[in-house]
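Peer 1: Have a look at this one before I ask anything.
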Amino acid sequence: MRRRHNSDKDADKRNSQTPIPSKSDSEHSSHKRVFALCLAFRIVNSVLVQTYFNPDEHWQGPEVAHSVAFGYGHLTWEWKQGIRSYLHPMIFVPLYRLLELLRLDTPWIMMRAPRLLQSVFSAVGDLYMYKLSAVLFGDSVAKWALFSQLSNWFMFYCFSRTLSNSLETVFTLVSLYFWPCLRSKSNCSFVSRKWGLVVAAFACAIRPTSAITWMYVGLLELLSARDRFKFVFLEVAPIGILVLGLTFLLDRFMYGTWILVPLNFLKFNFLSAGGDYYGTHKWHWYFTQGFPVMIFSHLPFCIAGIIYSKQWKLSGLLAWVLGFYSLLGHKEFRFVLPVLPIALMFSGYSLAVIKDPGYAEYKGKETSKKHTGFPPKMGFAILFLLATNIPMALYMSLVHQRGPEDVMNHLAREALHGKLKSILFLTPCHATPYYSMLHHNLPMQFLDCTPSEEKGVPDESDRFLMDPVPFVSEYAKNMSLPSHIVLFDSEEQKLRNLLISFDYREEKRFFNAHFKVDRDLQASIVVYVRTR
């Protein structure tokens, strides 16, 4: 009996010494699982994105990085005028050099690798969107916010692309997570705010227009700060000067001269309205067309989530950014990408309320009643969101405007086998990727569209589109003809006889689109090869 008594005491002692997992350990494990899920999703996402969306995806990131890594590549007029920072393109330089070292710089990998790298950053953005939702609204909302983010067609279509806006979105989500003004004071610290400032500064270094977001967040923090002098002069100013100073030195090294990129960027886009050269929209476009298209069928859930959550600071940020960008004449979907996850966070809140109607009443706290199944409304909501977003995401990512990437992949293979000597792109300027995808140092030429200092003066690309036949005839008199010509079918129909007279024949035709976007229908893109 004595021996059994002692053994029981020993067992109790061992049990008392067994560590009990803390809440932070459990959260850390949960976050690792969320990140693994997001990373797997974004990798598949990046592989499925096979269409052309915006020239900047290639020309302002991978193309510049290719020039740095391999010594050849085209720098557009923005780099000659110093309105772009090398910070974003430099992210891809180590990737390119590693591929070259491992002899993996094949056409397919060169086309996919930059997006695969961006998919890693995008997964980090997804994780911090989840973490921010959990801090603000609880775990239930966080799960449905992540569902909203991963199911939204535009995030699928755009987030894994190598646009600086995609990386800006990642930095915005990471930084917002650390800002005290958006969180309960008990869940944040002085150190966390400094991390938020550092990441926000990098967002501004990559995209100076990101300052629009941080003006609003900084003002909220300033109004709630106990020591405003300390916040401005001992936190914001030193961190901002340090990060922007490092970027300043990087640009000095790459440009070869002292240049203040954020100032040049803001002068061109805001003070001189240089962006208007590429088209303008009415002031209400973001509210009536642009953002509703991006958020798509999540819109009613977003509006309901804003009303239910009463998180006016965060919804105010959404309104502030959309309102500020509405003041600019030139508008694009990607400009407001950083606030799309915020809207989808509210969609997640609405879904959490549908699943558990008591969620809004308890203001984000888990109710005591367990809801193990889905109410019929919840099943309908999920089915509705998936049925509307998945076809849109797949069509836009796999079908619409896939011609430019298909044609460059074909030309890269031709160059690899020595069948290509030179290329002329008779397309609107920057309508296809360039050296970053061809990956061969061959003569190439495209139609220039550098903004003119005189308004109303058509550029080379405009003059070609207005009257293709005289333009090409004049070109043939003054320039040596290339081995290959690339053009859209809308112009090919007008130039076919002329090209045949110059001994060209159609080599390959690639599908591009079913409907027109901002020009005549460009149903296919065609490659002509010279026979002699």
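The values are calculated or read from the model by the stated rules, or taken from the named source; none is laboratory data. Everything numeric here is computed off the predicted structure, so don't read it as measured data. No Cβ is skipped: glycine too gets one built from the backbone with ideal geometry, and neighbour counts run over all protein chains shown. The protein model used for the area step is the full one, side chains on, heavy atoms only, and it has no ligands, DNA or RNA in it. Shrake-Rupley method; radii C 1.70, N 1.55, O 1.52, S 1.80 Å.
Peer 1: Can you find a residue that is in contact with a Gly (Cβ under 7 Å, 6 or more places away or on another chain) and in a loop (DSSP other than H, G, I, E, B) anywhere in the stretch 524-532?
Peer 2: We begin by selecting, within the stretch 524-532, every residue in contact with a Gly (Cβ under 7 Å, 6 or more places away or on another chain); these are 524-525.
Applying the additional criterion that residues be in a loop (DSSP other than H, G, I, E, B) yields none.
Looking through the stretch 524-532, none of the residues is in contact with a Gly (Cβ under 7 Å, 6 or more places away or on another chain) and in a loop (DSSP other than H, G, I, E, B).
Peer 1: Take the residues in the stretch 499-521 that are in contact with a Pro (Cβ under 9 Å, 6 or more places away or on another chain) and surrounded by 15 or more Cβ atoms within 10 Å (Cβ to Cβ), then tell me which one is nearest to S422 (Cα to Cα). Step through it out loud before you land on a result.
Peer 2: Step one: list which residues in the stretch 499-521 are in contact with a Pro (Cβ under 9 Å, 6 or more places away or on another chain), which gives 510, 512, 519.
From what's left, surrounded by 15 or more Cβ atoms within 10 Å (Cβ to Cβ): 510, 512.
Numbers: F510: 20, N512: 23 Å.
Looking at the filtered set, the residue picked out is F510.
Peer 1: Still on this model: Being crowded, with 20+ Cβ neighbours inside 10 Å and in contact with a Pro (Cβ under 8 Å, 6 or more places away or on another chain) is true for just one of T76, T162. Which residue is that? Give the derivation first.
Peer 2: Numbers: T76 fails: in contact with a Pro (Cβ under 8 Å, 6 or more places away or on another chain).
Going through T76, T162 in turn, the sole match is T162.
Peer 1: Could you give me the residue pairs with C-beta distances under 7 Å whose first residue belongs to the stretch 226-250 and is more than 12 Å from L197 (Cα to Cα) and among the small types (G, A, S), whose second residue is open to solvent by 100 Å² or more (accessible area, probe 1.4 Å) and in a helix (DSSP H, G or I) wherever it lies, and which are 6+ apart or on separate chains?
Peer 2: Once the first residue is more than 12 Å from L197 (Cα to Cα) and among the small types (G, A, S) and sits in the stretch 226-250, no partner that is open to solvent by 100 Å² or more (accessible area, probe 1.4 Å) and in a helix (DSSP H, G or I) comes close enough.
Peer 1: Looking only at the stretch 132-148, decide whether some residue is in contact (Cβ under 8 Å) with a residue 40 or more places away in the chain and under 29 Å from V64 (Cβ atoms).
Peer 2: no
Peer 1: Quick one: is L98 without any contact (Cβ under 8 Å) to a residue 40 or more places away in the chain and either aliphatic (A, V, I, L, M) or surrounded by 17 or more Cβ atoms within 10 Å (Cβ to Cβ) (or both)? So that I can check it myself, show each step before the final result.
Peer 2: Details: without any contact (Cβ under 8 Å) to a residue 40 or more places away in the chain: yes; either aliphatic (A, V, I, L, M) or surrounded by 17 or more Cβ atoms within 10 Å (Cβ to Cβ) (or both): yes.
Yes.
Peer 1: Just checking: which of the helices (runs of 4 or more DSSP H) contained wholly in the stretch 1-98 hold 2 or more residues that are at pLDDT 90 or above and outside the structural domain of H514 (by the TED database)? Quick ask: steps written out before the conclusion?
Peer 2: On the way: elements: 2-17, 23-48, 56-59, 62-70, 77-80.
So the answer is 23-48, 56-59, 62-70, 77-80.
Peer 1: Also, quick follow-up: In this structure, does L337 turn out to be open to solvent by less than 30 Å² (accessible area, probe 1.4 Å) and hydrophobic (A, V, I, L, M, F, W, C)?
Peer 2: Working: open to solvent by less than 30 Å² (accessible area, probe 1.4 Å): yes; hydrophobic (A, V, I, L, M, F, W, C): yes.
Yes; evaluated as a whole, the condition is true for this residue.
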